[in-house]
Each structure stands twice: as structure tokens, then as C-alpha cells.
Amino acid sequence: MISLLHIAIILSSLALSLSQSQDFAYCQAPGVVQSQNTDGLSLNYVQILVRHGDRTPTAVMPSHEVEWNCTLNYLNSFSNDEESYVKKLHRLYRKSYMPGRNQLLGNCGLGQLTDKGLQQHFKLGAQFRDLYVDQLGFLPDDFNASLIWIRSTDVPRTVMSAMANFYGMYPPEKRFDGGIDILDINTMDGGYEDMFPNPPICPRLQQLYDEQANYTNWIDQQQSFSNVSDVMIDVFNITAQDGVYPFEPIWDNLGARVCHNLSLPEGVDLEIMHSLWAATAFQQKIRWTQPLESGILGSGLLLQELYGRIMSKINGTEPYLMRFYSGHDSTVGPLMALLGYFDGWPPYASHVEIELWSDSSNNYFVQFKYNGKVVKISGCSSVMCEISEFQQMAEARIPYNFEEQCQVVN
């Protein structure tokens, strides 16, 4: 199927500054920044990972729900591989959620990308264009499918975020021949997906998650979130199971509300929301990093792919200039945690840029940028990481035998 966002983006206009959301960094990740320490170096390769844009909640609270109204629709049509076939269709079909037939009140589906989320990626793509096309001259002025490769999880909000990003990076008005651009977005069945920790494909990972509630630092740290724990009991009538409160689904719902200036349940204010965000981020950091085996089995395959592409570029076998991955908070967060850099729950439209640079003597360096900051990852002596340092770090965090390591330990 080919999906067309032209009409959706033109019609999608909104104010991104909401009174509540102005206090919440979660609602919008910072933009793109220039690389550092690049004097005398040439850019060879870029890999970008993003989290989808703003969305509706994926979790509901029946006794404390609010109404969601969505205007962003999905226009699409069927197609085969021939561009001429697409031109002859002259028809698009709109996917619409029927009011009153969804878990959320209103006309939105669970986890549906919003107008705001679409605009976030449209603008992020424009920033990527400004850096990699206009400033650095690294990518071509017009989209070239032989130089840029796109991947997404098979989820509507990530697919649409990728579309919006490339709409911003390569807007249709840049094309003068009157043709139709067809951009392939590569995806896979969830049973194979490795862009996020996926316990169904790795039973050992679920076993590690089940054991984490017994960690002393988990129990001790949760006591520091006593104000959130009180709210869980008093407002939502939820008690801890084995010492663990399910902060994440509550945060998922309420965080989305804050970003849309929707009402919070009585007894929950912005101070509680900040604490809830911190508590959720703490739980996930433990899940993604302790022990290291958890990070290796959760995000090691993704790191293996990213690392392998870099080495292939150095060896001259990687044909693309850019690979783009559209995923989730559980794509960006675990990967950065595995790399030794975690500064909290990834906001909407979070992004990681992994750049490969070289000097005139063919010495190679890797630089990581995350949400508007150039960052130094584990094992690297500077933000411009020598390839030998990057190799040593990556190879220590890549599964040596994923199938074998994923077996449950008795």
C-alpha cells in the first residue's frame, strides 16, 4: 500500500504551545544540532533513530477518562510496484475511528498519532534537511532511493512519523518533473522485531525482568517516590505487587493528557506528574540496564545492526549514505541506556543521530547526538569517538549467540 500525507499535512495546523505542556519536556524533544570537533574531517555516513511523534494514550483509565478528538486521518490506496498504476487510481481511502466504538472516549484509537505528532516530525525532518542537505551538502537535494533507506516498526504511528519526517526532509515542491515519489518503508512482523526489547522472541529477557523487582536499589529507590505511591493508592486504587507499582501505564495516559492540556484526575497536579515521570523513567532504566545482560538481550541486536552498517561503510560495502529508523520510546531509551547514556524517559519525537566521520589519513570516528546534544557514550574518550574505542564498546554489548543466550536459565 502507498500512503499519501500531502493533504493531511496541509490541513494539519495547530498551536504547539499548551499551558500545561510548556512545563513538560516530555511533550517535545529538542531539535537537531550541529556536530562538534569536525574540523579537518569528512562526513561519511549517518544513521538516525527516532521516536514517533505525539500520540493518544495506549493505556486507559475507565474511571478517570477524558475525551479525545482526532482530526488526523490516514489516506491510502492499494498499489503494485508500477508508478503508472498508482497514477491511474484517482482514489484514496480514509481510515476513521467510529465514535463510541473505541476504548478511549471520543473518535481516537489507542496510540494514534495526532496532528501535533505529525507536525513534530515534519519539522524534525526539515531540520535534518537543513543540516545534512543545506549546510553539510552530504545528502542530495532531491530524494534518491539508492542513497537513503527507511525502516519502521509495523505500527501506524511510527510509519506515519517516518512519512512526515521525509515530507519535511524532502518536500514534494522540490520535485519539478510532475512525477510521484514512492518511498519504501521497510518493516517486519512483530515476531521478528528487534527495534525494541522483545521478550516474546527472547524468553530469558522476560525472566530477567521478573527478577528485577527483587533488586535492593529498585526497592530502595521506589521509597523515594512515596508521593507517587500515595497517589496510586488514593486516586487510582492501585497497590504494589511484589513491591512494584505499575507506574508506566498511568504515566502513559496522564503524560499524553498534559501534552494536550486535558484535565488530570483530582489529586494529581504537575508536581505529581514530574515525580511520576521520574519514577517511570527509573523503573525503565533498571529494566533496560540491570544487569547488563538485560540491555544486551533487549537492544543488542539493534546495536549489532547499527554497528555492522558502520563497519560495512568503512569496508566499502554499504551503499547508502543514510539509514533511518522510526520506532518508539522503547527503541531510543534502551539503546541509549545500553550505550551508557540515559537522561530520562525519551520525549515525543526523540532522535538519535549516529555519524561516521574520517580524516585525510582514513582514520574513522563516530559521533552520537541525542535530542539536541552531542553526547559521549560509554567507552569513548571524547564525543568524537575513535573507531577502535567504538568497536570495543559495541562488541561487548552485542549478543554472541542470541538464540542460545535467550534460553531460560533454570
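We did not get these values from a lab; they are worked out from the coordinates using the rules stated. Here the structure is a predicted model, which means the values were calculated and not measured. Cβ: placed from backbone, ideal geometry, glycine included. Neighbour counts: every protein chain shown.
Things to note:
- Efficiency of FRET from Cβ geometry, VAL244 and VAL408, R₀ 25 Å, rounded to 0.05: 0.75
- In this simple spin-label model, placing a label point 7 Å from the Cα along the Cα-to-Cβ direction at both GLN103 and GLU211 gives a separation of 3.1 nm.
- Taking amide hydrogens as placed 1.01 Å from N in the peptide plane, the amide H of ARG151 sits under 5 Å from those of ASN186, PHE324, TYR325, SER326, each at least 5 positions away in sequence or on another chain.
- Most mobile of ARG257, ARG91, ARG51 in a GNM of the chain (Cα contacts under 10 Å): ARG91
- Sites excluded, chymotrypsin sites (Phe, Trp or Tyr not before Pro) in DSSP loops with at most 14 other C-beta within 10 Å, longest stretch of the chain: 216-399
- Listed residue (PRO291, TYR320, PRO265) projecting farthest to the positive dipole end of segment 236-346, Cβ model: TYR320
- Pairs from LYS95/LYS116; LYS313/LYS376; LYS123/LYS376; LYS95/LYS369; LYS95/LYS313; LYS116/LYS285 whose Cα-Cα separation, in the structure shown, is over 30 Å: LYS95/LYS369; LYS95/LYS313
- Dipole of the chain, positive direction: furthest Cα of THR153, GLN221, PRO346, with charges on the beta-carbon: THR153
- Taken about its Cα centre, the chain carries a charge dipole of about 880 debye when Lys and Arg each add +1 at the Cβ and Asp and Glu each add -1 at the Cβ.
- Charge context of GLY379, other residues only, Cβ under 13 angstrom, K/R +1, D/E -1: -1
- The amide H of GLY372, built 1.01 Å from its N in the peptide plane, has VAL33 as neighbours under 5 Å, considering only residues 5 or more places off or on other chains.
- Placing +1 on the Cβ of every Lys and Arg and -1 on the Cβ of every Asp and Glu, with nothing else charged, gives segment 311-410 a dipole about its Cα centre of roughly 220 debye.
- About its Cα centre, the dipole of segment 243-397 is roughly 200 debye, where the only charges are +1 on Lys and Arg Cβ and -1 on Asp and Glu Cβ.
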